[in-house]
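Everything below concerns the one structure shown next.
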Amino acid sequence: MTTIRDVARVAGVSPATVSRVVNGLVGYSTETQQRVEEAIAELNYEPDTLARGLKTKQTSVIGVLAPVVSDALASEIMSGVEAAARLRGYSVMLGRTGPSSTYAASYLRTLRTYRAAGVILISAAVTPEMRRVLGSSVPLMSVAIRDGQRFPSLAIDDEVAAYDGTRFLIGLGHRRIGLLAGDPSSVLVNKLRIRGYLRAMTEAKLTPVLESGNSLYDSAPPALARLLNQDAGLTAVFALSDEMAAAVVNELQRMGRRVPDDISVLGFDNTRTSQHVHPALSTIAQPLERMGELAVERLLATQDLSDGPTPRILPHRLIERGSTSTFTG
């Protein structure tokens, strides 16, 4: 088994220098870092993070619990998490949530065993059960979801963002605007966005038309059918995720409806999906990668994030692309 002394011998440095490079500390030149990294690759050396954690009471591992690994929003937040973690010499351990909490609990127990430096939850709230399983010493941070009464978080103001999106469509002349909402059980995100849509529609004295999917692509076509059954004359659809909005564009075109000439479509998140559909989606942009970076920075800068709720609200913006246009009918 390759040891840190083997790496030091091949790189021509001391074991202490190898340790500093592995842990992202300072005190060595770029040339030294390159030699150490080349020796690590040549010898296929893997630091024993668990043994290190037994000495320091913390390993260089950050856990991330995401709703669905392939979900576009989670993927872009993960890009920010991984970049910030790598810059600081930390590894990322990814788990996914699902309908059952059994896996999440098992994953959190593993992170507790590994003495993780912290855990980031994507689009998930901290629950008493999570805190019980993980223990009180591991910092927890929620991203893309907030609840100032219970846990520290990074998110946009979802209600204001949905309000702004609806007002944008109204400003284009649309009066029959349908909302394709996300998971109905998501009180901390979906209900806030619905509230923003309803507020804008009420202020404009317009009739709201709502249906729910689950924020993912496959849920959108049947939800769109239900939406059009309520009002076949809709001139705009506001989908509360880019994945659903992309599905709406494709389904409308399959039905022979032109986007945006016959009906405009607005998405939410500004994930890469928003530009992988034709026409490209107008959307409400969240700073997703930046959220991931900030979550890592905050976890590592604060030893204990369980001492009180400290939510941080990040800015959103509206990006206008080809899927929306002025309604003149």
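So for the range 177-194 (the condition being within 28 Å of ASP261 (Cβ to Cβ) and without any contact (Cβ under 8 Å) to a residue 24 or more places away in the chain), does at least one residue qualify?
No, that holds for no residue.
Residues checked against (1) of a type outside the set (A, V, I, L, M); (2) closer than 15 Å to ARG290 by Cα; (3) modelled with pLDDT under 85:
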| position | (1), (2), (3) |
| --- | --- |
| VAL81 | no, yes, no |
| ALA84 | no, yes, no |
| GLY89 | yes, no, yes |
| MET93 | no, no, no |
| TYR103 | yes, no, yes |
| TYR107 | yes, no, yes |
| THR113 | yes, no, yes |
| GLY118 | yes, no, no |
| THR127 | yes, no, yes |
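Look at VAL18 and say whether it is in a loop (DSSP other than H, G, I, E, B), among the aliphatic types (A, V, I, L, M), at pLDDT 75 or above and surrounded by 13 or more Cβ atoms within 10 Å (Cβ to Cβ).
So VAL18 fails the test.
Would you mind finding the one in THR283, THR324, THR328 that is outside the structural domain of GLU76 (by TED's automatic domain parsing), at pLDDT below 95 and either assigned to a loop (DSSP other than H, G, I, E, B) or within 21 Å of the chain's Cα centre (by Cα) (or both)?
It is THR328.
From the list GLN286, GLN275, exactly one residue is crowded, with 24+ Cβ neighbours inside 10 Å and of a type in the set (S, T, N, Q). Which is it?
GLN286
Assess whether VAL259 counts as being touching a residue at least 40 places away in the same chain (Cβ under 8 Å), in the same structural domain as PHE168 (by TED's automatic domain parsing) and in a loop (DSSP other than H, G, I, E, B).
Yes.
Specify the residue that is surrounded by the most Cβ atoms within 10 Å (Cβ to Cβ); the eligible residues are those in the range 289-321 that are more than 19 Å from the chain's Cα centre (by Cα) and modelled with pLDDT of 95 or more.
ARG321
Of the residues in the range 176-219, how many are among the hydrophobic types (A, V, I, L, M, F, W, C), touching a helix residue (DSSP H, G or I) at 6+ places or on another chain (Cβ under 6 Å) and within 21 Å of ILE145 (Cβ to Cβ)?
Adding up the residues that qualify gives 6.
Can you confirm whether the range 163-171 contains a residue that is touching a residue at least 60 places away in the same chain (Cβ under 8 Å), assigned by TED's automatic domain parsing to the domain that holds SER274 and closer than 19 Å to LEU73 by Cα?
Within the range 163-171, one or more residues are touching a residue at least 60 places away in the same chain (Cβ under 8 Å), assigned by TED's automatic domain parsing to the domain that holds SER274 and closer than 19 Å to LEU73 by Cα.
The values are calculated or read from the model by the stated rules, or taken from the named source; none is laboratory data. Since the structure is predicted, the reported quantities are computational estimates derived from the model, not experimental observations. Counting neighbours? That spans all protein chains shown, and the Cβs are built from the backbone with ideal geometry, glycine included.
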